[in-house]
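One structure below.
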Amino acid sequence: MTALPLYRAPEELRAALAPLRARGDLGFVPTMGALHEGHLSLIRASAAHSATTVVSVFVNPAQFGPNEDFDAYPRMLQDDIAAAKSAGADVIFAPDKAGIYPEPYRTFIEVEEITGTLCGRSRQGHFRGVATVVWKLLQIVDPDRAFFGAKDAQQVRVIRQMVRDLLGRWEIVACPTVRESDGLAMSSRYCYLTNEERARAAVILEAVRVAIARIEKGERHAGRIRVAIMERIEAASLRPDYVDVVSLGDLAPANEMNGDVLIAVAAFAGTTRLIDNVCIRIGDHVEERLP
Ligand code: AMP
């Protein structure tokens, strides 16, 4: 099996992609590597829509806080290349830090307001790093479409807002969260979990599902839903970072729930921070939707 073409320098990737654009649409899947089925589902979605699919693997230092896991983050590029190929990728872009942040580096993108809640509140500067790197990657790859996971719903909202505000021409596509059989949203950070923590982590989705069942029965008070989720998570000895029920449009707290609502949870199992996000549309009935 021949390996996929791998580019390290932005200008090399640009040159390689130029002739491929004539073949048809270009799809892009940005990742931090340690690819799992969640990432592969995005690559498959891109491959189904695009003549060429580019996957980037870059552990972005700008989105990690000083006390977070940048150094420990799993790195396994050769495995990632093979997995990406099996899912339909055509090109890998794995830049080094100097290629993305040439020294002295001084320019960042701030998306306002919707980055001040949820993960943005507990991870100061996280979305400034995410927005900056995603903008740069989109500029380099210049795809027709870029694919992102609903698991990181706030990230999808922030990227859509950035592309809209800065007049980017790329379509941002959200894809469903891929889960383990017990409901846990797949994550590259799994590798940090002990077996015992891993078993307890499934309570996150279970708690959200129980909450949605209450909403289906008519509960519309966001505070009670938050408390119910929090209690279940704490009962499983996970430490909630936040449990929030926000309106999907502006990510501001929804007191009386209606319309499009995001239920967002971040919780620690031991020292590992896990997140999950479920978007629902509340109308005559309740249905799950993409962010
Ligand atoms: P990451 O490598 O964690 O930065 O994630 C790269 C992309 O994969 C992001 O768009 C994530 O939202 C997406 N992703 C991560 N985990 C999942 C999952 N379990 N299901 C679907 N998409 C995911």
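The values are calculated or read from the model by the stated rules, or taken from the named source; none is laboratory data. Model, not experiment: these values are computed from the prediction. Here the Cβ is made from the backbone with ideal geometry for all residues, glycine too, and neighbour counts use every protein chain on show. Each accessible area value is taken on the protein alone, full model and side chains, heavy atoms only, with ligands, DNA and RNA left out. Shrake-Rupley method; radii C 1.70, N 1.55, O 1.52, S 1.80 Å.
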Requested in this report: Assign unit charges at the C-beta atoms only (+1 for Lys and Arg, -1 for Asp and Glu), then state the dipole size of the chain relative to its Cα centre in Debye, rounded to the nearest 20.
Outcome: 160 debye
Query - Angle in degrees between helix 222-235 and the longest Cα principal axis of the chain, rounded to the nearest 10 - result: 80 degrees
Requested in this report: Treating cross-link reach as a plain straight distance, find the lysines whose alpha-carbon is under 21 Å from the alpha-carbon of Lys97, omitting any fewer than eight places away in the same chain.
Outcome: Lys136
Report summary line: Fraction of alpha-carbon pairs in segment 144-206 farther than 21 Å apart, rounded to whole percent, equals 39 percent
Report summary line: What the Cα atoms of segment 188-289 span along the principal axes, largest first and in whole Å, is 42, 24, 19
Query raised in the report: Share of Cα-Cα pairs in segment 103-209 beyond 17 Å, in percent?
Result: 62 percent
**Report entry** Point-charge dipole on Cβ atoms (K/R +1, D/E -1) for segment 6-175, about Cα centre, debye to 20
**Finding:** 260 debye
Query - Radius 10 Å from Cβ of Phe64, net charge of other residues (Lys, Arg +1; Asp, Glu -1) - result: -2
Report summary line: Calculated from DSSP helices alone, with each H run of at least 4 adding -39500 (n - 2.57) and the total divided by the residues of the chain, [θ]222 nm to the nearest 500 comes to -11000 deg cm²/dmol
**Report entry** Selection from Leu251, Leu4, Ala236, by position along the positive dipole direction of the chain (Cβ)
**Finding:** Leu4
Report summary line: Taking alpha-carbon centroids only, segment 83-100 lies from segment 35-69 a number of Å equal to 9 Å
Report task. Express in whole angstrom the spacing between the alpha-carbon centres of segment 138-165 and segment 233-291. Result -> 20 Å
Query raised in the report: So, counting K/R as plus one and D/E as minus one, what does the shell of residues with Cβ under 13 Å around Gly129 add up to?
Result: +2
Query raised in the report: Given C-alpha coordinates of segment 87-127, what is the ratio Rg to Rh with the Kirkwood estimate of Rh?
Result: 1.14
Requested in this report: Rounded to the nearest 10 degrees, what's the angle between the helix 77-87 long axis and the longest principal axis of the chain, both from Cα atoms, 0 to 90?
Outcome: 80 degrees
**Report entry** Cα-based convex hull volume of the chain per residue, rounded to whole Å³
**Finding:** 135 Å³
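Give the carbon-plus-sulfur fraction of the accessible surface of the chain in %, rounded to a whole number; probe 1.4 Å, heavy atoms of protein chains only.
Numbers: 6630 of 13360 Å².
That fraction is 50 percent.
Among residues other than Ile282 whose Cβ falls under 15 Å from its Cβ, what is the net charge (Lys/Arg +1, Asp/Glu -1)? All intermediate terms of the calculation are to be shown ahead of the outcome.
Details: positive: Arg214, Lys217, Arg220, Arg224, Arg281, Arg289; negative: Glu216, Glu219, Glu256, Asp260, Asp284, Glu287, Glu288.
For residues surrounding Ile282, the net value is -1.
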Query raised in the report: Across bins of 10 angstrom width beginning at 0, how are the C-alpha pair distances of segment 6-175 distributed, in whole percent?
Result: 10, 40, 40, 10, 0
Report summary line: Across the alpha-carbon set of segment 29-112, Rg over Rh with Rh taken as the Kirkwood radius works out to 1.01
Query - Angle between the chain longest axis and helix 126-141 axis [Cα atoms, degrees, rounded to 10] - result: 30 degrees
Query - Solvent-accessible area of Leu166 with every protein chain in place, 1.4 Å probe, in Å² to the nearest 10 - result: 80 Å²
